[in-house]
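Just below is one structure, and these are the notes that go with it.
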Amino acid sequence: MEPRNLAGAGEPSRDVADVPAEFRAALESLAAVRARPEIELEPIPAPQRLAPFAHAIGANVADPDDPDDDIASARFIVLFDPEGHESWHGTMRCVGYLSAETDEELVDDAMFSEVAWSWLTDALGEAGAGHHAVGGTVTRTASTRFGDLAGPEHSVDVEMRASWTAEDTDLGRHLQAWLDVLGNAAGLPPPGVRLLGPSDRVGSETL
């Protein structure tokens, strides 16, 4: 997952010599991240006007029953301003957005938003991703389809938007934390754990 455009989508590509060493180090750490098998990463266009330097990565989780359909998606954006940014209280800002289908019962759980937000704070801490000035929102939406619209009759989605200032250039830790949040939102089992499918359960019952 090599960075394709250090300047952002639509801008002329910059010579490597023109890119600050701090931002280059951050991109190198991002390129070293390997997502779990269920998550597919891809470079996406970065915002052009939010900072002098930007880079963006997309992440998708496919439906195990329909690989052509995603049950969750996310974006991870890095903004870098060598001069510093007053509202960031630093030079490097991480911005994350995700959307995922979730359990319908969770929309009525008053504590769900707090639990979802703890996915981020816990993941950043466990990854050793030094950060400050973190903020964001968690939104739950319930939809009911009528008439000829395809899809399940009832669905519930969770959206999370978050941003925080990184305290070092090891942004691989920050991206990994955001991917952990995506995995939680998508209902993936812990890494290395495979949920039993119908064929597995039938086989185990015959032992």
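Annotations
- Flag if A26 is under 16 Å from the mean Cα position of the chain (by Cα) and either aliphatic (A, V, I, L, M) or not in a helix (DSSP H, G or I) (or both): no
- Checking each residue in segment 78-112 for being modelled with pLDDT under 95 and touching a His at 6+ places or on another chain (Cβ under 8 Å) picks out only E104.
- Scanning segment 128-146 for residues that are modelled with pLDDT of 95 or more, assigned to a strand (DSSP E or B) and more than 12 Å from W117 (Cα to Cα) returns H131, H132, A133.
- Residue that is surrounded by the fewest Cβ atoms within 10 Å (Cβ to Cβ), among those in segment 82-94 that are assigned to a strand (DSSP E or B) and out of contact with any Lys or Arg (no Cβ under 8 Å at 6 or more places or on another chain): E83
- In segment 143-170, the residues that are at positive phi form Cβ pairs under 8 Å with partners that are modelled with pLDDT under 65, at six or more places apart or across chains, as follows: G151/R145.
- Filtering segment 49-88 to residues that are among the charged types (D, E, K, R) and touching a Pro at 6+ places or on another chain (Cβ under 9 Å) leaves D81, E83.
- Of all residues in segment 53-77, none satisfies the criterion of being over 19 Å from the mean Cα position of the chain (by Cα), at pLDDT below 95 and surrounded by 13 or more Cβ atoms within 10 Å (Cβ to Cβ).
The values are calculated or read from the model by the stated rules, or taken from the named source; none is laboratory data. Since we're looking at a predicted model, the values are computed, not measured. Don't worry about glycine lacking a Cβ; one is built from the backbone with ideal geometry, like all the others, and counts go over all protein chains shown.
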